[in-house]
Amino acid sequence: MKQHIFPAILLTLCCLVLFNIIYPLAMYGVGLVIGPNHARGETVEAKGRTVGYALLGQSFTEDRYFWSRPSAVGYNAAGSAGSNKGPSNPDYLKTVQERIDTFLAHNPGIRASQIPSELVTASGSGLDPDLSPQAARVQVARIARARNIDAARVEQLIAAQTKGPLLGMFGPSTVNVLHLNLALDAL
């Protein structure tokens, strides 16, 4: 028995040091060297001040802005998580229905079946910074009306801000909501 316990304890200690100290420090070092803003995240500035982070979702609720994907954690990066409520949970269904009703009230002319699910359901992290181009387009009429501008200009803005799939084939096309709203303000 002694011949098995001591090697197991030694292996456990080596794994603890390797995977809990050495590997995280190495990844942090790589981030400092090649990461955006030297591992402090990619800040977005407008008019000389920091207005947000490109990789974190933010709350936009005014009719003149594109709305972000809902967050189960109130867009708090320290508490990144989903709601852990299943699709048949009555509280979850009530929350989704409230989001649908709110969206429909602010976007007359849109039917519930036209709302992309990402506009009424929170992501797993609760901090999703991007929308699909479809989710952005369904908000065009509201924004054009609130800003008193032509809907075609808003559509052009979405097209200009859309990023295609990685290497043209991995993942969906996305639009960063913060960048899109800053571009709207610049019009």
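General remarks:
Yes/no per residue for (1) farther than 19 Å from Ile158 by Cα; (2) basic (Lys, Arg); (3) in contact with a Leu (Cβ under 9 Å, 6 or more places away or on another chain):
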residue: Phe60; (1), (2), (3): no, no, yes
residue: Arg69; (1), (2), (3): no, yes, yes
residue: Ala72; (1), (2), (3): yes, no, no
residue: Gly82; (1), (2), (3): yes, no, no
residue: Ser88; (1), (2), (3): yes, no, no
residue: Arg99; (1), (2), (3): yes, yes, yes
residue: Leu104; (1), (2), (3): yes, no, no
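- Residues of segment 109-142 classified as touching a residue at least 12 places away in the same chain (Cβ under 8 Å) and either part of a loop (DSSP other than H, G, I, E, B) or touching a Lys or Arg at 6+ places or on another chain (Cβ under 6 Å) (or both), total: 18
- Scope segment 30-59; condition out of contact with any helix residue (DSSP H, G or I) (no Cβ under 8 Å at 6 or more places or on another chain), charged (D, E, K, R) and assigned to a loop (DSSP other than H, G, I, E, B); matching residues: Arg40, Lys47
- Matching residues in segment 154-169 - criterion: being within 19 Å of the chain's Cα centre (by Cα) and not in a helix (DSSP H, G or I): Thr162, Lys163, Gly164, Pro165, Leu166
- Residues of segment 60-68 include none that is exposed (fewer than 12 other Cβ atoms within 10 Å of the Cβ), modelled with pLDDT under 80 and outside any helix (DSSP H, G or I).
- Annotation note: of Ala46, Ala77, the sole residue that is surrounded by 14 or more Cβ atoms within 10 Å (Cβ to Cβ) and either in contact (Cβ under 8 Å) with a residue 12 or more places away in the chain or under 12 Å from the mean Cα position of the chain (by Cα) (or both) is Ala77.
- Within segment 69-108, considering residues that are charged (D, E, K, R) and assigned to a helix (DSSP H, G or I), the one nearest to Ser132 (Cα to Cα): Arg99
- Within segment 23-39, tally of residues that are of a type in the set (Val, Ile, Thr) and surrounded by 10 or more Cβ atoms within 10 Å (Cβ to Cβ): 1
- Enumeration of residues in segment 146-187 that are over 18 Å from Gln58 (Cα atoms) and in contact (Cβ under 8 Å) with a residue 60 or more places away in the chain: Ala146, Arg147
- Residue that is surrounded by the most Cβ atoms within 10 Å (Cβ to Cβ) [pool: residues in segment 137-177 that are touching a Ser or Thr at 6+ places or on another chain (Cβ under 8 Å) and aliphatic (A, V, I, L, M)]: Val177
- Of all positions in segment 69-78, at least one carries a residue that is modelled with pLDDT under 85, assigned by TED's automatic domain parsing to the domain that holds Asn148 and either farther than 20 Å from Asn176 by Cα or touching an Asp or Glu at 6+ places or on another chain (Cβ under 6 Å) (or both).
- Filter result (farther than 22 Å from His179 by Cβ and buried (at least 16 other Cβ atoms within 10 Å of the Cβ)) within segment 80-99: Ser83, Tyr92, Thr95, Val96, Arg99
The values are calculated or read from the model by the stated rules, or taken from the named source; none is laboratory data. Keep in mind it's a predicted model, so treat the numbers as computed, not measured. All Cβ positions, glycine included, derive from the backbone under ideal geometry; neighbour counts span all protein chains shown.
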